[in-house]
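Student: Input: one structure, supplied below.
The values are calculated or read from the model by the stated rules, or taken from the named source; none is laboratory data. All of these numbers come straight from a predicted model, not from anything done at the bench. Cβ sites come from the backbone with ideal geometry, for glycine too, and all protein chains shown count toward neighbours. Areas reflect the complete protein model, heavy atoms only, side chains present, ligands, DNA and RNA absent. Shrake-Rupley method; radii C 1.70, N 1.55, O 1.52, S 1.80 Å.
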Amino acid sequence: ADRATLATIAAIRPSLDLGTPILEQLAATRLLAAREEILPERRELLVGRRECLVSLLARELPDWQPGAGRGGMSLWVRLPAPMSTALSASASRLGLDLPAGPRFGVDGTLERFIRLPYALPEPQLEEAVELLVRAWRSITGLTGPQQPTLVV
């Protein structure tokens with residue numbers, strides 16, 4: 001390849017490389033060695049945050065149906081209507097970054113689902129749900145948590 005192409009590839013490669021800097025590798029090695037001490041506390045923390053998110057959704061968006069949440073650090077939620085992309089755009093305008101369900105599927109599937117991470121502290125989860133409520137209301141025209149389920 002010509003020199004300009006090689007220079008471009010060399011400049012881009014670090015951002016695409018799956019390797020990590022040595023300091024992060026050393027930190028990960030220490031954390032893995034202490035996993036028996038760290039993991040139970042971390043699991044307990046995440047279970048509490050998941051329960052907080054599920055409770056907030058039940059109170060504020062009762063028509064949404066959270067999945068069981070059996071692992072990971074996010075919850076898949078079934079929306080009452082296939083509006084994940086519109087919800088994502090509305091949430092983004094409010095400052096909440098939330099990828100639409102189809103980003104995780106193929107051929108436009110998962111439009112009825114949204115993936116909500118729950119790794120953040122409870123006050124931030126509360127703030128995020130407040131923004132979700134505003135975003136949902138802006139695209140559906142619904143005004144309160146007791147509104148009837150949308151049928152689409």
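Student: If the viscosity is 0.890 mPa s and the temperature 25 °C, what translational diffusion coefficient in µm²/s does Stokes-Einstein give for the chain when Rh comes from Kirkwood over Cα pairs?
Tutor: The Stokes-Einstein estimate is 135 µm²/s.
Student: Same structure again: At R0 = 35 Å, how high is the FRET efficiency between Ala11 and Glu60 if r is their beta carbon distance? Nearest 0.05 is fine.
Tutor: It comes out at approximately 0.15.
Student: Evaluate the distance, in nm, between pseudo-label points positioned 7 Å from the Cα of Arg35 and of Phe104 along their respective Cα→Cβ axes.
Tutor: Using points 7 Å along Cα→Cβ, the separation is 2.3 nm.
Student: Right, another one. Which whole-number percentage describes the relative contact order of the chain, with Cα contacts under 8 Å and a sequence gap of 6 or more?
Tutor: Relative contact order comes out at 23 percent.
Student: Further, regarding this structure: Residues with beta-carbon under 14 Å from that of Arg103, excluding Arg103: net charge, scoring Lys, Arg +1 and Asp, Glu -1?
Tutor: Charge balance near Arg103 sits at -1.
Student: If you don't mind, there's one more thing I want to ask. Could you pull the accessible area for Asp97 with a 1.4 Å probe, rounded to 10 Å²?
Tutor: 140 Å²
Student: Give, in nm to one decimal, the length gained when the segment between Arg93 and Ala28 is fully stretched (0.36 nm per residue of separation minus the Cα-Cα distance).
Tutor: 19.8 nm
Student: How far apart, in nanometres, would the label points at Glu122 and Glu44 be if each is projected 7 angstrom from Cα along the Cα-to-Cβ direction?
Tutor: Once both label points are built, they end up 1.5 nm from each other.
Student: Amide H of Phe113: which non-local residues (sequence gap of 5 or more, or other chain) have their own amide H closer than 5 Å, using H built in the peptide plane?
Tutor: Hits under the 5 Å cutoff: Leu79, Ser84, Gly101.
Student: Take the eigenvalues of the Cα gyration tensor for the stretch 40-107, scale each by 5, and report the square roots as semi-axes in whole Å, largest first.
Tutor: The three semi-axes for the stretch 40-107 are 23, 14, 13 Å.
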